[in-house]
Structure formats: structure tokens, C-alpha cells
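Notes for the one structure printed next.
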């Protein structure tokens, strides 16, 4: 009633003010805006529900690793465009304007009576000129073609390395996601067990008050509950830290609230899984990995660098043409203080006959780089084979662990139910109830961990076999 009278007074005052200023409509609009502002609900921040695919896509778009990979590809493509220009004609323009100190003109006088001196080289104190030059390489000892091929291979290698970086980033995001989800699942299990232990503690406390149980039983429950509380605090901290790591990957502020839209055991049918359904992954699965293809291209680059280094043993031949427009033109004798144009065309040959075995040393360095690249490729291939074998085995083990953990949870739940009924009937001890609670807790944690490990093993095997995100 008090609230209604206050608002009524406010309406009356508003109308009187509007009547005084002869603006009742404006007064009513002002009153309506006040009511609207009071009745408008304040938006509440709802945590975003995210899936693994959403997080991976966000990271591939926003993470600096993806941006760096794109920049390397752009740089390699620009380098390839640059290398192609070395094989094409080069057109250059230059100009000059020079002021010279005055010198006496050079002249001769014939030994003829009455003859005047003849000026051979007049004194021209200002010179101007422009030159247009065209150069076309004809043969460079295969170095220019090798440089272009190296740039092309480097551009292709940068694309493969971008795919490698994106695959690594996707795997890291999946690991962060399932680590976060596993911590949340563990937190949920611990919270439920803590509630169950709290209820059991209340029951035992009543039994102690009735003289049907001992204080030692009550203290045992409190010790077990304290242990669960400590583990719950650790689980909450782990979940928060994992969420921060995931936010860092997908470009969110670290404290952004998130809710997982997937569970390690959601829609998980390990028997029907496409990867785990095969006992052995094909032996050459690693050949599709982008890092293997990138190293193979890098080896080809080393081979081309060897060809370029050996090009120092060959001559270099080029075509050159020039057009000069100068005042005076140096090709016109005697010099004339006026603009004249001339041109020249020719073929140039350069051949280093002796360089103190510099070219031989460069060829040996390139040959060593080829051997190093071959060894690196073999090392990566062996590591890829090992990864495929290891992650295939881990995936099969994870599948078996999930099946075993599910049976363990079913058995622990049934055991807890039976022990609880016996305890209420007075035929079971408090210790047996606590042991059943701990066994159920551990069984559920094992199942959560097994589900997360299965998801991670599957993601790692996809990465090892070269499957792209």
C-alpha cells in the first residue's frame, strides 16, 4: 500500500509539472520512460556451451599459431614470385645531372698563316644524361632455375607446415578440452559422494545419540568426508585452470565462463568406433602426415641447392641493350653541347676460371645438407611409425579400460546399495559403508578418466595418421 501511494504521488507531481509548463505529453513520456527503465530486466551472463569442434574451429581462427602459419605461407609465395622475376628481362632507367669545374677547351692551330685555332674538346661545364637498360639472362649455370624451383618447393613446404601446425594446435585444444571436462566430471562425482557421506554422517550421528553406534564410527566418517573435501577442492582448482587454458586457446578472456556440451562418455560406443574397430592401422598411414610431406619437400630443396652450388663451375651469359640520351653524348666526338641519342646491344659472358675452390666447398656443403635432410626424413618417418603403433595400442587399451570401468561402476553401485540396506537393517558395520562409498567414488573416477583417455587416444591417433582437423 505504501508503494502504491508513492507512485501515485509521483504521477500527480509529474502531471502538475507538465500542466505548469503546458507540456503534459512530454511529462507523460518522461513518466513512461521511468516506468520502462524500472521494469526492464537486467541481462544475465549465461556461460557459453561449447563442443570440441567449436573450440578447435575457434582456435584455428583466433590463435597466434594459426596466424603465424598463414604469414609463413604468404611469405613463401612472395619469395616464389620474386624468384621467377630473375629469369625475366630486367628494365632499368637512370638519369644524371652533373656540374663540372671550368677547364680551358682543347684546341689545335694548323701551321697555316691566317688560320684560326680548331677546338677539339670544348669546355662543357654542365652534363645531363638518361639511360634505359635491358638485361636478359641467357644462361646462369642452372642457378636461376634451381633458385626458382627451390622457392616453389619452399612454398609447398610452408603449406604442409601450416597444416602440421594446425593439426598440432587442434590436438592441443582437444587435450585441453577433455582435461577440463574430466576435471568437471571428477568434481561432479566428488560433490555427489560428499552429499551422500554427509547424509550418512547425519544417520550415524542419530545412531550415536541413541546409543546404537560409537563415536569412533562418527569420527571415521568425518575423516573420509574430509578427504573427499580435499579432493573436491583440487578438482575445482584443476577445472578452473583447465578452463583458463581452453579460453587461452580459443581467444577468450581467461575468466570467461564455459559449459561443456560433451561428456567423455556421451555417445561413446567403443565397439562401433571407426578407429578403434580396427585392430591394426595400416602401416603406411603416417605417409599422409603433413610434417612428413614437409620434410620430403625440404629434402628436395637441399638437392636443388646442390645443383645451384655446382652452377658456379659454369659461365654466365646474358643479353644487354642500352639506349642513351645525353648532353653531351660520350660516344660523339668531338663532344657537342646538345642532347643526342645512341644505343648499343651485346652479349656478355662471365666465367670464374679460378676461385680457390670456393665453388667446390659450396657444393660439399650442399651435399652434406642433402645427407642431413635424408637422415632427418628417415628419423621423422621412424618416429611416425612408432607413434602410429603406440597410439593404436593405447586406443585399444583405452577401449578395454572403458569397458572394465563401466563394469566396475555397476558393481560398486550395487555393492553400495546392498551395504546401505544392511546397515539400515543393522547387519552391516559403518566401516563397510565407508569402504563401499570410497569404492564407488574410485570406480566413477576411473570411468571418467577412462572415457577422457579414450577420447585423447583417439585424437592422438588421428594426429599420428595425418588426419587433418
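Mind checking which residues of segment 71-83 are in contact with a helix residue (DSSP H, G or I) (Cβ under 8 Å, 6 or more places away or on another chain) and either surrounded by 15 or more Cβ atoms within 10 Å (Cβ to Cβ) or at pLDDT 95 or above (or both)?
Within segment 71-83, 72, 73, 75, 76, 77, 79, 80, 83 qualify.
Sort through 181, 189, 195 and tell me the only one that's without any contact (Cβ under 8 Å) to a residue 12 or more places away in the chain, assigned by TED's automatic domain parsing to the domain that holds residue 258 and either within 27 Å of residue 451 (Cα to Cα) or in a strand (DSSP E or B) (or both).
None of the others qualify; the one that does is 195.
Among the numbered criteria (1) within 30 Å of residue 391 (Cα to Cα); (2) modelled with pLDDT of 90 or more; (3) exposed (fewer than 13 other Cβ atoms within 10 Å of the Cβ), which one does residue 368 miss?
That leaves (1) as the condition not met.
Which condition breaks for residue 407 when tested against (1) in contact (Cβ under 8 Å) with a residue 40 or more places away in the chain; (2) surrounded by fewer than 13 Cβ atoms within 10 Å (Cβ to Cβ)?
The number of the failed condition is (1).
Name the residues in segment 311-337 that are modelled with pLDDT of 90 or more and part of a helix (DSSP H, G or I), would you?
313
Does segment 143-156 include one or more residues that are touching a strand residue (DSSP E or B) at 6+ places or on another chain (Cβ under 7 Å) and not assigned by TED's automatic domain parsing to the domain that holds residue 342?
Within segment 143-156, one or more residues are touching a strand residue (DSSP E or B) at 6+ places or on another chain (Cβ under 7 Å) and not assigned by TED's automatic domain parsing to the domain that holds residue 342.
Taking the stated definitions as given, is residue 206 touching a residue at least 40 places away in the same chain (Cβ under 8 Å), in the same structural domain as residue 428 (by TED's automatic domain parsing), surrounded by fewer than 17 Cβ atoms within 10 Å (Cβ to Cβ) and out of contact with any strand residue (DSSP E or B) (no Cβ under 8 Å at 6 or more places or on another chain)?
No: the conditions fail for residue 206.
Suppose the filter is out of contact with any strand residue (DSSP E or B) (no Cβ under 6 Å at 6 or more places or on another chain), within 30 Å of residue 221 (Cα to Cα) and either outside the structural domain of residue 171 (by TED's automatic domain parsing) or touching a residue at least 12 places away in the same chain (Cβ under 8 Å) (or both); does residue 455 pass it?
no
The values are calculated or read from the model by the stated rules, or taken from the named source; none is laboratory data. Computed from a predicted structure; not experimentally measured. Cβ coordinates were reconstructed from backbone atoms using ideal geometry, including for glycine residues, and neighbour counts include every protein chain displayed.
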